[in-house]
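Values in this text are rule-based calculations from the coordinates and carry no lab data. Not measured: the values here are computed from a predicted model. Counting neighbours? That spans all protein chains shown, and the Cβs are built from the backbone with ideal geometry, glycine included.
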Amino acid sequence: MPQLSRRAFAGALPLGLIGGSLLGGGLLGDSAARAATQEAAKAPVAMNPFAQIRIGRFTVTALTDGYADMPYDYFPGRSAPEVERAASAQFTARPSGVRFLFNQYLVEDGERRILIDAGAAGSIGQTGQLPQALAALGLKSDKIDAVIVTHMHQDHMGGLVLGGKNNYPEAELYIDRRDIAHWTDPAKRSGAPEYLQTSFRMAEEVVRLYPRLQAIDGEREIMRGVSIVDLTGHTPGHIGVRVEDGGKSMIMVSDMIFPVVHPAATDVFFLFEQDRAAAKAMRDRFFPRAASEGALIAATHMPFPGLGRVVADHGEMRWQVADWALQD
Ligand SMILES: [Zn+2]
């Protein structure tokens with residue numbers, strides 16, 4: 001399954017973590033893969049795997065698929081020691097890197113259930129908890145009417161195709177056309193680094209297993225109050241989702257914001273970003289706008305439930321955690 005390059009990870013890992021708790025099978029041999037799976041089964045399960053807010057008639061539920069600790073040298077634009085110092089100051093430092101969460105969002109209005117992103121599903125770190133989180137709500141994946149995938153990186157679509165199956169058989173699937181084109185292009189695939197190969201493979205599976213895939217062109221409404229926002233940069237077809245009703249709104253921005261480095265600096269990137277100029281341009285546009293609007297933001301990799309705001313504080317952008325339990 002997995003595959004952030006084992007080598008890339010291993011280089012930055014304490015010995016005890018290699019081949020076990022961080023990665024699943026795949027690059028490992030069969031017995032190592034079994035051991036890794038057993039190890040993953042022992043991974044801590046979130047005590048309370050969801051958090052809910054209301055946006056007008058919608059209930060938005062943040063669900064966690066788990067976490068991974070990203071090596072400090074995965075942030076081009078800053079040295080590893082700089083990232084580690086910043087992570088320590090923000091209490092997100094772990095022995096093997098910056099703690100990244102994997103948050104998904106379920107949007108319900110009593111008639112339809114729309115899931116935003118499907119999680120890494122064990123392909124990175126300690127992930128694969130989304131099914132349990134849905135079960136805690138009394139839901140199975142066949143009760144999901146639509147899945148919006150914000151971009152075709154493995155940590156956002158892995159759950160769609162785990163086990164080589166269509167895991168959301170009743171769902172319409174929405175993905176930006178530019179991402180579908182990019183991640184199914186054999187030329188792009190052969191020129192891409194090893195750590196992106198899993199995403200290319202999964203993208204091919206998604207297209208094959210989901211005949212109800214709808215390619216999205218530009219900003220549009222998926223249902224009344226749920227619309228696509230163009231946030232191209234992190235990937236060519238990276239999108240956000242705005243949920244809006246009754247004078248309230250929330251925007252799920254996916255990988256616009258990474259822990260520790262954003263929104264303070266836009267000249268710091270994540271390893272998976274291939275077009276850094278595009279990623280920087282979008283963050284330069286988006287962060288000031290989000291700050292001036294005071295937009296409620298949901299972000300995939302920020303500490304669970306990933307809800308907060310970008311605020312301008314004495315000329316510096318910073319992340320302000322939002323209250324989710326008692327928002328009104
Ligand atoms: Zn991501």
5 angstrom amide H check on residue 100, placed H, neighbours 5+ away: 68, 69, 70
Per-residue ³J(HN,Hα) for the stretch 230-245, Karplus 6.51 cos²θ - 1.76 cosθ + 1.60, θ = phi - 60°, Hz, x for Gly and Pro: 7, 10, 4, x, 4, 9, x, x, 5, 10, x, 10, 9, 10, 8, 6
Extended-chain gain in nm, criterion 0.36 nm per residue less alpha-carbon gap, residue 312 and residue 284: 8.8 nm
Derived scalar couplings ³J(HN,Hα) [the stretch 252-257; Karplus, 6.51 cos²θ - 1.76 cosθ + 1.60; whole Hz; x for Gly, Pro]: 8, 10, 6, 9, 5, 10
Approximate spin-label separation residue 221-residue 327, in nm, with each point projected 7 Å along Cα-to-Cβ: 2.0 nm
The chain, Cα convex hull volume normalised per residue, Å³: 131 Å³
